[in-house]
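Input: a single structure, listed below in structure tokens.
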Amino acid sequence: MRPRYVIIPAGGSGSRMGSEIPKQMLDLRGKPVLRRTVELFMDLPFKVGIVISINPSIKDMWMEYCRQNNFVFKSILTPGGLTRFHSVKRALSYLPDGGIVAVHDGVRPLMRKEDVAAIFEEAEEHPAVVPLMPVQDSMRRLVSDGVTEIVDREEYRLVQTPQVFHTEVLRKAYSQAFTPEFTDDASVVERTGVPLHFCAGSRLNIKLTTPEDMVLAGALIDSGCLR
Ligand code: C5P
């Protein structure tokens, strides 16, 4: 088995949440969002080395929280970059070749541990594993200001994290120059010609973006469906 790692990009500012506190540090049923995300990778049936790319403006808040709440775990903290691409690239420089690395948004704390474990297993077989979700709503394409056209939703999939890669594959991908089309790790890896292997995502794995998402997240935790 290859050694396993997770990079947690938490370098963003979370402006869409409309809150003073960056969304990684917002309280979600008694714990900051980022703690819940980190906990997904703790106490799995195998060890996972953790690298967190953190927005410098919240580093002190995070370290103070961990100290005061006795949340003790081994991790590497690196400063977030200008974009998610730059945050992941810097974090990756701490990891050796020959491993498997999951890249998981710091603002996606809602997963079942068995799903986290399963995607690492898929990456033993495949160098690049990416979870996809079908689209539930009808979809329209924005043609121009105020003009839209219906599209066939069956032709589209939503992309989630964790996306999981062989470390050397991800490193080669991240040696490319940044372009704004690189919105996730799969898009960076695909550009190097490595085939992507797709697996099923989960409706529970919400990317916490707006205040409404926090309400939904609280309800999901209370329901016990994440255990
Ligand atoms: O901005 P977006 O919603 O795509 O952010 C997804 C994840 O990437 C978040 O966890 C965010 O904190 C992280 N991010 C980062 N560095 C940035 C911007 C976003 O690590 N410069």
(message) Among the listed residues 89, 113, identify the single one that is within 16 Å of the ligand (Cβ to nearest atom) and out of contact with any helix residue (DSSP H, G or I) (no Cβ under 8 Å at 6 or more places or on another chain).
(response) 89
(request) Of the conditions (1) assigned to a helix (DSSP H, G or I); (2) away from the ligand (no atom under 13 Å from the Cβ); (3) among the hydroxyl-bearing types (Ser, Thr, Tyr), residue 5 clears all except one; give me its number. (result) (1)
(request) Scan the range 137-193 residue by residue and report those that are among the acidic types (Asp, Glu), surrounded by fewer than 21 Cβ atoms within 10 Å (Cβ to Cβ) and within 16 Å of the ligand (Cβ to nearest atom). (result) 181, 184
(request) List every residue pair whose Cβ atoms sit under 6 Å apart, with the two residues 6 or more apart in sequence or on different chains, where the first one lies in the range 65-86 and is within 14 Å of residue 7 (Cβ to Cβ) and the second, anywhere, is surrounded by 15 or more Cβ atoms within 10 Å (Cβ to Cβ) and small (Gly, Ala, Ser). (result) 78/53; 78/91; 80/11; 80/53; 80/87; 81/87
(message) Of all residues being among the basic types (Lys, Arg) and in contact (Cβ under 8 Å) with a residue 24 or more places away in the chain in the range 152-190, which is nearest to residue 90 (Cα to Cα)? Just the residue, please.
(response) 171
(request) Name, by its number, the condition in (1) in contact with a Pro (Cβ under 7 Å, 6 or more places away or on another chain); (2) within 14 Å of the ligand (Cβ to nearest atom) that does not hold for residue 65. (result) (2)
(message) Anything in the range 194-227 that is surrounded by fewer than 18 Cβ atoms within 10 Å (Cβ to Cβ), at negative phi and of a type in the set (Gly, Ala, Ser)? List them, or say none.
(response) 200, 202, 218, 219, 223
(request) Among residues belonging to the range 22-54 that are more than 9 Å from the ligand (Cβ to nearest atom) and of a type in the set (Gly, Ala, Ser), point out the one that is surrounded by the fewest Cβ atoms within 10 Å (Cβ to Cβ). (result) 30
(request) Within the range 106-129, count every residue that is among the β-branched types (Val, Ile, Thr), out of contact with any Asp or Glu (no Cβ under 7 Å at 6 or more places or on another chain) and outside any helix (DSSP H, G or I). (result) 1
(request) Take the range 87-109 and flag every residue that is of a type in the set (Asp, Glu) and within 23 Å of residue 202 (Cα to Cα). (result) 105
(request) List the number of the failed condition for residue 70; all other conditions in (1) within 14 Å of the ligand (Cβ to nearest atom); (2) surrounded by fewer than 21 Cβ atoms within 10 Å (Cβ to Cβ) hold. (result) (1)
(request) Quick one: residue 194 ticks every box in (1) touching a Lys or Arg at 6+ places or on another chain (Cβ under 7 Å); (2) part of a loop (DSSP other than H, G, I, E, B) except a single one, so which number is it? (result) (1)
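Read-outs throughout are calculated quantities, based only on the coordinates presented, and are distinct from any laboratory measurement. In this text, all values refer to a predicted model and were calculated from it rather than measured experimentally. All Cβ positions, glycine included, derive from the backbone under ideal geometry; neighbour counts span all protein chains shown.
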